[in-house]
Amino acid sequence: MVSSLEARDDRQARHPRGVAGVTAAYNAGAMRILIANDDGYLAPGLTALAQAMQGLGEIDVVAPEQNASGTSNALTLNRPLSVFVAQGSAQQGFRVVSGTPSDSVHVALTGLLPQRPDLVVTGINQGANMGDDTLYSGTVAAAMEGYLFGIPAIAFSQVDKGWQHLDAAARLARALVQQLLQQGLPEAPFLLNVNIPNRADADTLPRRITRLGRRHASEPVIRQVSPRGETIYWIGPAGDAREAGEGTDFHATARAAVSITPLQVDLTDHAALPAWRGRLERPGPLEGGA
Ligand code: MN
């Protein structure tokens with residue numbers, strides 16, 4: 001039995017099929033695609049994404065039972081998870097996990113799927129995941145969970161809530177995946193964060209490779225009094241874009257382009273290492289050498 005922490009150490013692993021193997025599998029219609037989301041298995045964006053991937057390979061959908069937006073990379077460690085197969089006509093065959101987006105992908109990769117997928121796609125999220133949103137997003141986290149296991153992954157979000165022009169967003173998602181597969185996937189696993197303007201022509205809009213912008217601090221909490229007389233707090237909305245200059249995701253989507261940001265997971269502040277060494281390091285030999 002491999003613990004989840006050990007399992008997560010395959011994050012550096014390359015795909016066992018190799019890039020050429022994935023291309024061959026794609027050409028043979030035998031590519032394996034895992035689909036997840038954070039809005040829950042009943043969300044229209046999930047059905048749209050699953051339909052968009054039809055014909056590109058063998059599709060598995062494993063998604064959270066409840067809307068789990070804003071849960072980031074949370075894994076459920078204090079209770080067991082259950083999985084059931086959805087019966088609704090739009091969700092036929094979807095596997096539903098009583099946990100978070102990361103739980104869904106984690107359980108899929110470490111116990112549910114008979115074989116490792118070649119690609120993880122998530123979304124299509126209701127609402128933007130740009131700038132600092134990416135730290136809280138369950139849509140990005142579900143894709144990141146695949147990436148941490150060494151699997152290429154793409155997170156898709158519509159910029160505005162309300163699902164307007166979801167069909168066009170789904171066509172864009174399919175076109176992007178298809179283009180990547182026809183080109184042959186990059187050698188190393190990657191994590192792409194895609195934000196799609198809610199427009200009928202989303203699939204033919206310009207596309208820009210962007211960096212994350214930044215948001216202002218969130219709006220204040222909303223304080224109310226519950227029916228039992230307790231003071232309760234609702235987390236306020238995200239702040240507006242603060243760093244939205246040219247080259248950012250905010251800039252591109254505000255000008256009717258699809259934003260594609262390649263993400264990495266290393267949070268180390270590499271530029272600050274020397275300064276912190278000067279402040280806090282204490283010299284002395286380390287046990288075991290080096
Ligand atoms: Mn969401």
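The values are calculated or read from the model by the stated rules, or taken from the named source; none is laboratory data. Predicted model only: the values in this text are computed from it and were never measured. For neighbour counting, all protein chains shown are included, and Cβ atoms are generated from backbone atoms with ideal geometry for every residue, glycine included.
Here Gln158 meets each of (1) touching a residue at least 60 places away in the same chain (Cβ under 8 Å); (2) touching a strand residue (DSSP E or B) at 6+ places or on another chain (Cβ under 8 Å); (3) over 17 Å from Ala52 (Cβ atoms); (4) not aromatic (Phe, Trp, Tyr) with one exception, condition (3). Here is the figure for the stretch 111-124: residues that are away from the ligand (no atom under 15 Å from the Cβ) and either in contact with a helix residue (DSSP H, G or I) (Cβ under 6 Å, 6 or more places away or on another chain) or under 19 Å from Ala43 (Cβ atoms) (or both) total 2. Residue count for the stretch 67-76 under the criterion of being in contact with an Asp or Glu (Cβ under 7 Å, 6 or more places away or on another chain), among the aliphatic types (A, V, I, L, M) and within 16 Å of the ligand (Cβ to nearest atom): the result is 1.
All of Leu212, Leu192 fail the test of being under 24 Å from Ala241 (Cβ atoms), crowded, with 16+ Cβ neighbours inside 10 Å and either out of contact with any helix residue (DSSP H, G or I) (no Cβ under 7 Å at 6 or more places or on another chain) or free of Cβ contacts under 8 Å to residues at least 60 places away in the same chain (or both), apart from Leu192.
The condition (being within 21 Å of Gln183 (Cβ to Cβ) and away from the ligand (no atom under 14 Å from the Cβ)) is satisfied by just one residue among Ala86, Ala108, Ala24, Ala90: Ala24. Restricting to the stretch 35-66, give me the number of residues that are without any contact (Cβ under 8 Å) to a residue 40 or more places away in the chain and more than 16 Å from the ligand (Cβ to nearest atom). Matching residues across the stretch 35-66 total 4. If the condition is being within 15 Å of the ligand (Cβ to nearest atom), more than 20 Å from Ala254 (Cβ to Cβ) and surrounded by fewer than 22 Cβ atoms within 10 Å (Cβ to Cβ), then the stretch 125-162 contributes Leu135, Tyr136.
In this structure, is Arg79 away from the ligand (no atom under 16 Å from the Cβ) and closer than 16 Å to Asn37 by Cα? So Arg79 does not fit the description; no. With respect to Ala169, determine if the residue is within 15 Å of Ala68 (Cα to Cα), assigned to a helix (DSSP H, G or I) and within 14 Å of the ligand (Cβ to nearest atom). It is false that Ala169 is within 15 Å of Ala68 (Cα to Cα), assigned to a helix (DSSP H, G or I) and within 14 Å of the ligand (Cβ to nearest atom).
Flag set for Ala244, criterion: under 18 Å from His216 (Cα atoms) and either surrounded by 10 or more Cβ atoms within 10 Å (Cβ to Cβ) or among the basic types (Lys, Arg) (or both). Exactly one residue among Arg208, Arg199 is in a strand (DSSP E or B), basic (Lys, Arg) and closer than 25 Å to Leu56 by Cβ, and that residue is Arg208. Per the listing Thr134, Thr71, Thr100, the residue uniquely at pLDDT below 95 and of a type in the set (Val, Ile, Thr) is Thr71.
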